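Undergrad: I am attaching a structure below and will ask some questions about it afterwards.
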Amino acid sequence: MYKIVVLISGGGSNLQAIIDEIQAGNITAEISAVISNRADAFGLERAEKAGIDNHVLDHTAFSSRESFDQSLSQIIDSYEPDLVVLAGFMRILSDDFVEHFKGKMINIHPSLLPKYKGLNTHKRALESGDKQHGASVHYVIPELDAGTIIIQGIVPIKESDTSDSLQQRVHKVEHQIYPLAVQYLAEGNLHLENDKLLYKGDVLDTPFIENLK
């Protein structure tokens, strides 16, 4: 069975979206563990309800980012996962940690990368007069939001949109494309080779695209 470890810091709505698709039989995989750096993360309750092992690793108890990442790595490795999923994990990870899980760790970002890396993506898209916006699932590399893109969900920007309304629609997109990315990987047809995305052995020049309302 394809094994997943999910890292969270908050509500865990993307975690829930993946749990739901696994329980519905749409993803042939299991979430072996959920790990949070915050004890009050609601995602831990989601994991508990689904019968998933869950851990709290409080980053404030560590003297350095590196020592926290070493302990986090040890917990993850104990489950021998095929994939590490960052689902609202609000920590900058050290280069050593990222390299350790290279090619098997993914993240979701609320923009159509490579546009708008970092924060305030919805506000920046509106200020730039963009006609569309969305979210991207990508492999994690040391450079922020710069790893190979697996799938993007695109939503049109409405004239009436505010940062809040756009954020809400993009969040719904995340709940659709993140489980899809996990499904593609769990099927075994999608691979990363020399920073190129291969699907059934063929290089994908562009990521999978989902056009959503």
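Undergrad: Condition first: touching a strand residue (DSSP E or B) at 6+ places or on another chain (Cβ under 9 Å) and of a type in the set (Ser, Thr, Tyr). Now tell me which residues in segment 33-75 satisfy that.
TA: Ser36
Undergrad: Looking at Ser36, Ser32, Ser78, which is the one that is surrounded by 21 or more Cβ atoms within 10 Å (Cβ to Cβ), among the hydroxyl-bearing types (Ser, Thr, Tyr), at pLDDT 95 or above and over 23 Å from Ile209 (Cα atoms)?
TA: Being surrounded by 21 or more Cβ atoms within 10 Å (Cβ to Cβ), among the hydroxyl-bearing types (Ser, Thr, Tyr), at pLDDT 95 or above and over 23 Å from Ile209 (Cα atoms) holds for just one of Ser36, Ser32, Ser78, which is Ser36.
Undergrad: For segment 199-213, what are the residues that are hydrophobic (A, V, I, L, M, F, W, C) and either at pLDDT 90 or above or over 15 Å from Tyr139 (Cα atoms) (or both)?
TA: Here is the first cut: in segment 199-213, the residues hydrophobic (A, V, I, L, M, F, W, C) are 203-204, 208-209, 212.
Selection gives Val203, Ile209, Leu212.
Undergrad: Now, a different point. Of all residues in segment 114-143, count the ones that are out of contact with any Lys or Arg (no Cβ under 6 Å at 6 or more places or on another chain) and part of a loop (DSSP other than H, G, I, E, B).
TA: 14
Undergrad: Taking segment 36-75 only, how many residues are touching a residue at least 24 places away in the same chain (Cβ under 8 Å), touching a helix residue (DSSP H, G or I) at 6+ places or on another chain (Cβ under 9 Å) and aliphatic (A, V, I, L, M)?
TA: The number of residues fulfilling the criteria is 4.
Undergrad: Among the residues that make up segment 150-167, is at least one of them within 23 Å of Asp205 (Cα to Cα), polar (S, T, N, Q), surrounded by fewer than 22 Cβ atoms within 10 Å (Cβ to Cβ) and touching a strand residue (DSSP E or B) at 6+ places or on another chain (Cβ under 9 Å)?
TA: Looking through segment 150-167, none of the residues is within 23 Å of Asp205 (Cα to Cα), polar (S, T, N, Q), surrounded by fewer than 22 Cβ atoms within 10 Å (Cβ to Cβ) and touching a strand residue (DSSP E or B) at 6+ places or on another chain (Cβ under 9 Å).
Undergrad: Go through the residues of segment 91-104 one by one and say whether even a single one is among the small types (Gly, Ala, Ser), at pLDDT 95 or above and more than 24 Å from Pro207 (Cα to Cα).
TA: Scanning segment 91-104 turns up at least one residue that is among the small types (Gly, Ala, Ser), at pLDDT 95 or above and more than 24 Å from Pro207 (Cα to Cα).
Undergrad: Can you say whether Thr121 is surrounded by 15 or more Cβ atoms within 10 Å (Cβ to Cβ), of a type in the set (Ser, Thr, Tyr) and more than 14 Å from the chain's Cα centre (by Cα), as far as the supplied structure shows?
TA: Values: surrounded by 15 or more Cβ atoms within 10 Å (Cβ to Cβ): yes; of a type in the set (Ser, Thr, Tyr): yes; more than 14 Å from the chain's Cα centre (by Cα): yes.
Criteria met by Thr121.
Undergrad: Can you tell me which residue in segment 56-69 is nearest to Ile8 (Cα to Cα), limited to those that are of a type outside the set (Gly, Ala, Ser) and surrounded by fewer than 16 Cβ atoms within 10 Å (Cβ to Cβ)?
TA: Applying the filter and picking the extreme gives Val56.
Undergrad: Separate question: Is there any pair linking a residue in segment 114-127 that is farther than 11 Å from Ala146 by Cα to one that is hydroxyl-bearing (Ser, Thr, Tyr) and assigned to a loop (DSSP other than H, G, I, E, B), with Cβ under 6 Å and at least six apart or on different chains, and which?
TA: Thr121/Ser111; Arg124/Tyr116
Undergrad: Another one. So, in segment 144-167, exactly how many residues are closer than 23 Å to Phe208 by Cα and either of a type in the set (Val, Ile, Thr) or part of a strand (DSSP E or B) (or both)?
TA: 10
The values are calculated or read from the model by the stated rules, or taken from the named source; none is laboratory data. Predicted model, so just to flag it, every value in this text is computed and none were measured. Here the Cβ is made from the backbone with ideal geometry for all residues, glycine too, and neighbour counts use every protein chain on show.
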